[in-house]
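Q: The structure's right below; bear with me while I get my questions together.
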Amino acid sequence: MTAKILVVGATGINKQELVKHLTSMGVSVLALVCNLDKICSLAFEHVEVVEGDFSQPNSLNKAMEGIDKAYITTTFAPYAVEMMPTRLSIKLT
């Protein structure tokens, strides 16, 4: 059984390359995007797409189900530090 990896912000340029690399190795990817209109670039085998936004923690519940690992990086934003406890508590609860 292969690991299922959550890739947050999967429509970004760097994350798209990560998704391509992971799927080329047969890894199942759960791509978290904040805008479903951008998913056409993620049309790879082994990719499931879910919509969510860290500013709305309840929207992340589906993304956290059944994953083995997560690749999460954030952009610089004034609210990023304040949101970190919210991000961590989502995985732990």
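Please treat every number below as a calculation from the coordinates, not as lab data. The shown structure was predicted, so the numbers you read here are calculated from the model rather than taken from an experiment. Because the Cβ atoms are built from the backbone with ideal geometry, glycine has one as well, and the counts that use them run over all protein chains shown.
Q: Step through the residues of region 4-17 one at a time and calculate ³J(HN,Hα) from phi using the Karplus curve (6.51 cos²θ - 1.76 cosθ + 1.60, θ = phi - 60°), rounding each to whole Hz and writing x for Gly and Pro.
A: The phi angles translate into 10, 10, 7, 10, 7, x, 5, 8, x, 4, 5, 5, 4, 5 Hz.
Q: Can you work out ³J(HN,Hα) from phi for every residue in region 46-55, in order, using Karplus 6.51 cos²θ - 1.76 cosθ + 1.60 and θ = phi - 60°, giving whole Hz and x for Gly and Pro?
A: 6, 10, 10, 10, 9, 8, x, 8, 5, 6
Q: Check Val47: other-chain or 5+ apart residues with amide H under 5 Å from its amide H, H built from backbone geometry?
A: Hits under the 5 Å cutoff: Val29.
Q: Still on this structure: Quick one: net charge of Leu30's neighbours, Cβ under 13 Å, K/R +1, D/E -1?
A: With Lys, Arg at +1 and Asp, Glu at -1, the neighbours total 0.
Q: Which net charge results when you count Lys and Arg as +1 and Asp and Glu as -1 among the other residues whose beta-carbon is under 12 Å from that of Lys4?
A: -2
Q: Also, quick follow-up: Taking H as built 1.01 Å from N, whose amide H comes closer than 5 Å to the amide H of Ala70, not counting residues under 5 places away?
A: The list, which skips near neighbours in sequence, is Leu6.
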